[in-house]
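**Q** Have a look at the structure that comes next, please.
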């Protein structure tokens with residue numbers, strides 16, 4: 001994608017400058033016609049929309065690192081320093097964000113970059129409609145479908161971040177410079193209609209050379225995105241009147257939205273353009289930068305090798321530059337400690353998702369119990385050595401086939417078809433658990449609609465932890481307060497080895513093995529492990545050791561010292577359901593000519 005950006009910026013300068021010149025409509029029309037009658041130039045223009053995704057403070061450095069935290073399964077790592085008002089990063093993820101937040105209150109942050117991308121999309125859509133001959137089954141039609149879909153991505157994430165936002169579906173002009181917040185239902189309805197059009201315009205994955213890569217919008221992505229938007233639109237959220245409720249528009253009634261989600265997801269599955277591999281393979285392919293369409297990955301936000309901080313933010317941490325990376329980073333965000341222990345011990349997703357170690361001088365070493373890393377992204381799985389202080393170039397996987405299956409399962413259950421719903425959940429569990437345990441879950445989940453619903457709550461956590469879907473899920477299900485309170489209770493139980501955590505040992509035991517002793521072998525982190533067995537390992541003269549304090553004495557893995565009160569209290573500072581959205585930042589309030597405020601959020 002990086003090859004598109006230089007030319008796309010030139011094309012955008014032609015269209016953008018012309019569109020701002022209100023006294024030169026003839027020249028503007030000429031420039032647009034020249035761009036949008038040429039597939040090559042029009043393609044560069046559409047790819048320019050992605051440029052707005054990659055700007056320093058857009059998805060790259062502000063939205064992906066922060067939106068989606070904190071939840072019952074994900075948090076900002078190093079939470080021991082997380083105190084209310086301690087710093088702007090903590091406040092940003094801890095439901096305590098002010099309009100003047102220093103991480104966000106700049107003219108070039110994600111909110112501005114999203115609208116920059118929307119403006120680029122609006123210009124492309126206008127030009128392609130006027131001059132491109134953009135019809136279904138044509139490459140120009142594919143470009144129009146892409147532009148419409150990328151605009152929908154930006155609007156969906158604007159709503160997720162800020163709730164009701166200005167409605168801008170035409171290029172900027174003298175009449176729409178200043179716009180107020182618009183009820184999100186109006187935007188949702190527009191997006192659902194837009195994506196229905198885009199479905200007819202876009203090719204299926206691998207149907208055309210354009211859609212041979214996951215970095216390009218395909219019909220499968222359009223349908224999957226439409227399903228996701230339907231689930232959000234039909235769910236709960238904090239409204240401008242202060243209530244937490246469903247939409248009052250009958251067109252967005254839950255049953256109608258679940259029908260859309262089911263139909264779209266089942267179309268993707270039945271088409272068979274994408275296939276599930278193993279859970280691990282999907283993430284290894286992502287790290288290997290394999291963007292071949294048709295596998296589990298459906299769409300990825302493309303980052304060039306010198307842009308993007310996905311691994312930097314969500315990868316396993318390397319404290320020092322080593323043979324795997326020349327970037328001493330990763331581990332900015334991680335899984336909540338309890339997630340590891342909540343997985344079934346035989347669930348293959350656990351050891352891939354949650355990593356209890358980090359790297360130092362080319363070897364793994366144990367970190368604190370409150371400092372797990374996400375393991376879905378690993379420098380050591382890459383073939384390209386990252387040699388950049390901040391950017392790693394790994395794509396952001398926006399949608400994968402497992403989510404399509406899970407959305408289909410949820411939708412069918414909510415429509416009263418629990419037995420059908422199971423057929424879509426089963427392939428996800430089949431690759432994660434032994435057959436006998438899948439059968440046990442089938443009996444448990446299909447016992448009732450509510451039992452299946454709760455199964456979806458759990459399985460979406462186990463499947464998508466670290467992919468920043470959980471917060472929006474908790475919001476639309478209206479269980480965010482419940483789950484966040486449960487997270488605090490569970491952390492307290494874990495450190496005290498109470499409840500479901502009562503069968504865990506107090507200590508952990510580990511040794512370095514493998515080539516150059518770089519790999520850790522760990523005992524004491526599974527339910528049923530014992531300190532008695534751990535002591536036998538220590539006495540075996542086989543290199544086993546345990547954590548030690550500064551005095552060289554054994555240090556407990558689970559205790560009130562290892563998971564402190566400030567860790568538990570720092571997950572959220574205010575009632576999450578009353579702070580589901582960020583305020584629009586003060587710099588934009590000040591520049592809105594009085595059209596925008598944050599009064600509905602109490603600012």
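The values are calculated or read from the model by the stated rules, or taken from the named source; none is laboratory data. Note that the coordinates shown come from a computational prediction; the quantities given were computed from them, not determined experimentally. Ideal geometry is used to build each Cβ from the backbone, glycine not excepted, and the neighbour counts take in all protein chains shown.
**Q** May I ask you to say which residue of 125, 49, 73 is modelled with pLDDT of 95 or more and under 19 Å from the mean Cα position of the chain (by Cα)?
**A** 73
**Q** Let me ask you something else. Quick one: how many residues across the stretch 383-434 are under 14 Å from residue 264 (Cβ atoms) and without any contact (Cβ under 8 Å) to a residue 24 or more places away in the chain?
**A** 0
Every residue, every condition in (1) outside the structural domain of residue 239 (by TED's automatic domain parsing); (2) at pLDDT below 95; (3) touching a strand residue (DSSP E or B) at 6+ places or on another chain (Cβ under 8 Å), yes or no:
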site	(1), (2), (3)
141	no, no, no
146	no, no, no
157	no, no, no
161	no, no, no
164	no, no, yes
171	no, no, no
174	no, yes, no
179	no, no, no
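**Q** Moving on. Does residue 488 count as over 30 Å from residue 297 (Cβ atoms), in contact with a helix residue (DSSP H, G or I) (Cβ under 8 Å, 6 or more places away or on another chain), surrounded by fewer than 19 Cβ atoms within 10 Å (Cβ to Cβ) and free of Cβ contacts under 8 Å to residues at least 24 places away in the same chain?
**A** Here the answer is no, as residue 488 does not meet what is asked.
Per-residue answers, yes or no, for (1) crowded, with 18+ Cβ neighbours inside 10 Å; (2) assigned to a helix (DSSP H, G or I); (3) within 32 Å of the chain's Cα centre (by Cα):
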residue: 495; (1), (2), (3): yes, yes, yes
residue: 500; (1), (2), (3): no, yes, yes
residue: 525; (1), (2), (3): yes, no, yes
residue: 528; (1), (2), (3): no, no, no
residue: 543; (1), (2), (3): no, no, no
residue: 558; (1), (2), (3): yes, no, yes
residue: 568; (1), (2), (3): yes, yes, yes
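**Q** Let me ask something additional. Output the residues belonging to the stretch 30-51 that are part of a loop (DSSP other than H, G, I, E, B) and in contact with a helix residue (DSSP H, G or I) (Cβ under 7 Å, 6 or more places away or on another chain).
**A** Residue satisfying the conditions is 37 alone.
**Q** Which residues, counting only those in the stretch 292-307, are at pLDDT 95 or above and within 18 Å of the chain's Cα centre (by Cα)?
**A** Across the stretch 292-307, the qualifying residues are 296, 297, 298, 299, 300, 301, 302, 303.
**Q** Taking the stretch 91-111 on its own, how many of its residues are out of contact with any strand residue (DSSP E or B) (no Cβ under 6 Å at 6 or more places or on another chain) and not in a loop (DSSP other than H, G, I, E, B)?
**A** 4
**Q** Another one. Considering the stretch 538-552 alone, what residues qualify as being farther than 29 Å from residue 380 by Cα and touching a strand residue (DSSP E or B) at 6+ places or on another chain (Cβ under 7 Å)?
**A** Residue satisfying the conditions is 538 alone.
**Q** Among (1) in a loop (DSSP other than H, G, I, E, B); (2) over 21 Å from the mean Cα position of the chain (by Cα); (3) surrounded by 21 or more Cβ atoms within 10 Å (Cβ to Cβ), where does residue 384 come up short?
**A** (3)
**Q** Look through 321, 284 and report the one residue that is farther than 16 Å from residue 353 by Cβ and more than 17 Å from the chain's Cα centre (by Cα).
**A** Matching residue, one of 321, 284: 321.
**Q** Let me ask you something else. State whether one or more residues within the stretch 135-142 are in a helix (DSSP H, G or I), within 20 Å of the chain's Cα centre (by Cα) and either in contact (Cβ under 8 Å) with a residue 40 or more places away in the chain or more than 11 Å from residue 49 (Cα to Cα) (or both).
**A** Within the stretch 135-142 (the criterion being in a helix (DSSP H, G or I), within 20 Å of the chain's Cα centre (by Cα) and either in contact (Cβ under 8 Å) with a residue 40 or more places away in the chain or more than 11 Å from residue 49 (Cα to Cα) (or both)), the answer is no, since none of the residues qualifies.
**Q** Related question: Quick test for you: out of 472, 447, 451, 402, pick the one residue that is closer than 18 Å to residue 347 by Cβ and modelled with pLDDT of 95 or more.
**A** None of the other options fit; the residue is 402.
**Q** Identify all residues within the stretch 204-220 that are touching a helix residue (DSSP H, G or I) at 6+ places or on another chain (Cβ under 7 Å) and crowded, with 24+ Cβ neighbours inside 10 Å; write none if there are none.
**A** 205, 216, 217, 218, 219, 220 - these are the residues of the stretch 204-220 that are touching a helix residue (DSSP H, G or I) at 6+ places or on another chain (Cβ under 7 Å) and crowded, with 24+ Cβ neighbours inside 10 Å.
**Q** Just to check your reading of the model, which residue among 405, 398, 424, 365 is over 24 Å from the mean Cα position of the chain (by Cα) and not in a loop (DSSP other than H, G, I, E, B)?
**A** 365
**Q** Given (1) part of a helix (DSSP H, G or I); (2) modelled with pLDDT of 95 or more, where does residue 594 come up short, assuming only one miss?
**A** (1)
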